[in-house]
Amino acid sequence: MTGLYVDREQTRAKHFILEHYLQELAFKVLQGGLNELAYIDGFSGPWKSRAADHSDTSFMIAIRVLKDVQKRIMELRGQRKIIRCFFVEEDAAAYAKLAAAVAPHHHPEGGFIIETRQGRFQDFVPDALHFNGRAFPLIFIDPTGWTGYPFEVIRPLLKRRPSEVLINFMFDHINRFAASDDPPTVASLGEILGGANWRDTLDPNLPRGIAVEQLFRDVLRREGGYDAVLSTCIDRSLQDRPHFFIVYGTRHAEGVRTFRNVEYKALSEHEKLRQDAKNRKQTERSGMADLFGGPTVPDVKSLDTIIAELRGFASNWIVEVLRANGSYQFEPLALAVMQTFMLRETDVKDVCVALAQKGVITDTWKPERKRKPSKHHVIALAGPIQP
Ligand SMILES: C[S@@+](CC[C@H](N)C(=O)[O-])C[C@H]1O[C@@H](n2cnc3c(N)ncnc32)[C@H](O)[C@@H]1O
């Protein structure tokens, strides 16, 4: 599978998140009482696909995952769940490949329903909503730039309840153009950044690219009425700088927890694949392969180092929040931490345990003979509030 992604490791990271998040979501939604799940892919491709069966495309990954979930729920519970897939592709040649590849999987009698459209995603919003019907949709927006999904037009889809969204925010590309004074460029960026005057609303304390990505999440949260919008930064394979961000919008606490877990696994794999790519490149450049497995190019900062740093920031942040607001139950506190830092719930638990060991907070879980806090435990400062 990963051989298909050599020299495009960032695509593998994107597909990893899509595959694993969609699988988790489908099981949760369909085993949690709902009967129908939809996957709406607005920019389906195929795009730079290498596999003859298109198994390295978002649409085939979604079909494989959803067929498997449907089959397993049938085996486990004897329930026939309905899956709906809606694929849009503008390019005629790519559309022909898409339509041919997905047609064999369209089985309405088996509850697996696929529709495709050729054209611009934004022109099929009413169709997508109509096709979706009562299903819980995951909307996947994966453009090549920043155009083609103006919030003004796709808002009804984002606002649909329930629903969730994954958007590939093309950071590198957008960051380059965000500096432009060219009026059409500024105006078109305004379609996803909250209007023509978006430049006035950037946080002046942040580097431009980071401020633009933050603004994008704020605008998406507002447009979709999401409770949380998180993002995962995917670095370029060979350079230590962001390529794109996978931005995720949800109205569910469980979504935040699940996304952070999937993100960690995706970034762990991406770190390894990037290291392999760098080693390959160095071997090519030096013109000789090392017998002991090739040269190792040290990465700038490992994922574990980043997580350790973030845990430190989160620890200070928790203390500040407790000082300012008093005690919290673990559940809302953990959610707030996960929305602020790229950390999983397990990290937040460890941070709380470490704070309790230092005597900063009370180990309210100890009387229950638990090693770590869970949902209902109160997190409160141990001593009097320090100035
Ligand atoms: C980055 S590729 C998608 C890759 C695919 N989601 C995957 O992960 O395998 C973007 C695709 O969107 C198509 N496209 C570009 N503009 C579009 C639009 N406005 N509406 C629908 N498709 C569009 C392009 O032809 C291209 O195939």
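Considering only the stretch 36-63, how many residues are of a type in the set (Ser, Thr, Tyr), within 8 Å of the ligand (Cβ to nearest atom) and under 21 Å from Phe136 (Cβ atoms)?
Final tally of qualifying residues: 2.
Ile63 - would you say it is out of contact with any Phe, Trp or Tyr (no Cβ under 6 Å at 6 or more places or on another chain), part of a helix (DSSP H, G or I) and in the same structural domain as Ser231 (by TED's automatic domain parsing)?
Judged against the criteria, Ile63 is a match.
Residues are listed down the side, and each one gets a yes or a no for (1) modelled with pLDDT of 95 or more; (2) outside the structural domain of Glu345 (by TED's automatic domain parsing); (3) within 23 Å of Glu9 (Cα to Cα):
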| site | (1), (2), (3) |
| --- | --- |
| Leu220 | yes, yes, no |
| Glu223 | yes, yes, no |
| Leu230 | yes, yes, yes |
| Arg236 | no, yes, yes |
| Asp240 | no, yes, yes |
| Phe244 | yes, yes, yes |
| Tyr248 | yes, yes, yes |
| Gly255 | yes, yes, no |
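Pick from Gly255, Gly209: which is closer than 15 Å to Leu193 by Cβ and assigned to a helix (DSSP H, G or I)?
Gly209
Identify, please: which residue in the stretch 13-35 is out of contact with any strand residue (DSSP E or B) (no Cβ under 9 Å at 6 or more places or on another chain) and aromatic (Phe, Trp, Tyr) and is, among those, nearest to the ligand (Cβ to nearest atom)?
Here the residue is Phe16.
In the stretch 136-157, what residues are among the aliphatic types (A, V, I, L, M) and under 17 Å from Tyr21 (Cβ atoms)?
Listed by number, the residues that qualify are Leu138, Ile139, Ile141.
Residues that are at pLDDT 95 or above and over 18 Å from Gly224 (Cα atoms), at least 2 per element: which strands (runs of 3 or more DSSP E) completely within the stretch 82-146 meet that?
82-89, 112-118
Taking the stretch 119-145 as the search range and keeping residues that are among the small types (Gly, Ala, Ser) and in contact (Cβ under 8 Å) with a residue 60 or more places away in the chain, which one is nearest to Trp47 (Cα to Cα)?
The selected residue is Ala128.
Kindly evaluate Arg72 against the criterion of being within 25 Å of the chain's Cα centre (by Cα), surrounded by fewer than 20 Cβ atoms within 10 Å (Cβ to Cβ), more than 12 Å from the ligand (Cβ to nearest atom) and not acidic (Asp, Glu).
yes
Condition first: polar (S, T, N, Q), within 21 Å of the chain's Cα centre (by Cα) and either within 27 Å of Pro156 (Cα to Cα) or not assigned by TED's automatic domain parsing to the domain that holds Val153 (or both). Now tell me which residues in the stretch 173-218 satisfy that.
Gln214
If Ala99 satisfies all but one of (1) out of contact with any strand residue (DSSP E or B) (no Cβ under 6 Å at 6 or more places or on another chain); (2) within 15 Å of the ligand (Cβ to nearest atom), what's the number of the condition it fails?
The one condition Ala99 does not meet is (1).
The values are calculated or read from the model by the stated rules, or taken from the named source; none is laboratory data. These figures come from a predicted structure and were not determined experimentally. Using ideal geometry, Cβ is built from the backbone for each residue, glycine included, and neighbour counts are taken over all protein chains shown.
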